[in-house]
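One structure is given here, and the rest of the page talks about it.
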Amino acid sequence: MDSTTTKSRRSRGVIESYREFLPVSAATPVVSLGEGNTPLIHCPRLCERVGRSCEVFVKNEAVNPTGSFKDRGMTVAVSKAIEHGTKALICASTGNTSASAAAYAARARISCVVILPAGKIATGKLLQAFAYGAKIVAINGNFDDALRIVRELGATGDFAIVNSINPDRIAGQKTAAFEIIDEMGDAPDFHLLPVGNAGNITAYWAGYREFLAKKKSTKLPSMIGFQAAGAAPIFYHRVIEDPDTIASAIRIGNPANWQQARAAIVESRGAIDVVSDDEILAAQTWLAQHEGIFVEPASAASIAGLFKCCDSRHAAYSFQEIPEGSRIVCTVTGHGLKDPDVVLQRMRELKPIAATVTNVRRAIGL
Ligand code: F0G
């Protein structure tokens, strides 16, 4: 029996699931942790918020092996790096790329260097890179400085760069669009997602176009990207020297895939918009408490963006007049447990009580 048919779709990973669409051959050693095939969750409360009989789905990328969408691209990038005989990976990161690179490097038995902006990485992500055994270097600078250094070190040939400037990363990430089409039977009408270095919006757009060309779908969605208001170079058409947002994953002032993101937005008749930190945190809480999906702040930008499209006259794309029954997909990109600090601050201190039913009844107001 073929080894791939002995595995469930979940365990197979994105390379075995979509091999014919990826830059791999029989000679490529597959480095996989069972990424992809993530849930596309129908969200009734979000449907109510949008109205007009629209259907809203959340593509929950937080349930990938290292808790973010980066694993889709990393399986391809690391498999190709191994095929080319690479001995070490390198990346700049706001946290999730480094966690993913570290995990896949461990799996492939090669080393991994991660360059991070000091003090700007969410606790859980830093902890992951450490646990997987990466060499961690913190710099006094931001993500854009880290990526500049990585580009230079990568050019020496000592490392494979596994940031989204590596086309194998984009190729792997486009499989999320394939999964959505396979599951929905066609592309959605709108696709909303957070934008940082702009690799993901580039990858989804490539995936949607490829499946349309292969006649696996009949249409293309409008791509609507959301940046944090303090880190919105694409929205403001200028490099942001000192980007700032609570959503540390998308704290990026000079995205590497800027032009590709612009092309995706223009070609798809979509939009780029901004959401404030308050809107992001409110959406994070709302999604956890109304749909049971707990994501990190950057991920909640797509949900905050959906609310903005529905409610605000100032939205770059208004949903007040979209066709009845439109289908909308929002990607959420990383797990809430990676970035617990904001939620921790809101948590009340728990004062233990006596271990009796009477006391517990009183404590819960019965
Ligand atoms: N959401 C999360 C949770 C992310 O970690 C990132 C990017 C994005 C959204 C934006 O995706 O860069 O493809 O536009 N994180 C990168 C990192 C930059 O280093 O982990 P993008």
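The values are calculated or read from the model by the stated rules, or taken from the named source; none is laboratory data. Because the structure is predicted, anything quoted here is derived from the model rather than measured. No Cβ is skipped: glycine too gets one built from the backbone with ideal geometry, and neighbour counts run over all protein chains shown.
Quick notes
- From the list Ser326, Ser248, Ser302, the one residue that fits, being touching a residue at least 40 places away in the same chain (Cβ under 8 Å), away from the ligand (no atom under 16 Å from the Cβ) and touching a strand residue (DSSP E or B) at 6+ places or on another chain (Cβ under 9 Å), is Ser326.
- Of all the listed residues (Pro44, Pro29, Pro65, Pro39), the sole one being under 15 Å from the mean Cα position of the chain (by Cα), modelled with pLDDT of 95 or more and more than 16 Å from the ligand (Cβ to nearest atom) is Pro39.
- Strands (runs of 3 or more DSSP E) contained entirely in segment 72-157, each with at least 3 residues that are within 16 Å of the ligand (Cβ to nearest atom) and touching a helix residue (DSSP H, G or I) at 6+ places or on another chain (Cβ under 8 Å): 88-92, 111-117
- Test: residue in segment 158-165 that is more than 15 Å from the ligand (Cβ to nearest atom), of a type in the set (Phe, Trp, Tyr) and farther than 25 Å from Phe319 by Cα: yes
- Of the residues contained in segment 271-280, none is found to be buried (at least 18 other Cβ atoms within 10 Å of the Cβ) and hydroxyl-bearing (Ser, Thr, Tyr).
- Scan of segment 203-235 for residues that are within 16 Å of the ligand (Cβ to nearest atom) and part of a helix (DSSP H, G or I), ordered by number: Ala203, Tyr204, Trp205, Ala206, Gly207, Tyr208, Pro233, Ile234, Phe235
- Put simply, of Gly119, Gly133, Gly124 the only residue that is more than 22 Å from Ala256 (Cβ to Cβ) and within 17 Å of the chain's Cα centre (by Cα) is Gly124.
- Listed by first and then second residue, the pairs with beta-carbon distance under 8 Å, at least 6 apart or on different chains, first residue in segment 231-243 and on the phi < 0 side of the Ramachandran plot, second part of a loop (DSSP other than H, G, I, E, B) and of a type in the set (Ser, Thr, Tyr), are Ala231/Thr245.
- Selection of segment 253-299 for residues being assigned to a helix (DSSP H, G or I), of a type in the set (Phe, Trp, Tyr) and within 15 Å of the ligand (Cβ to nearest atom) yields only Trp258.
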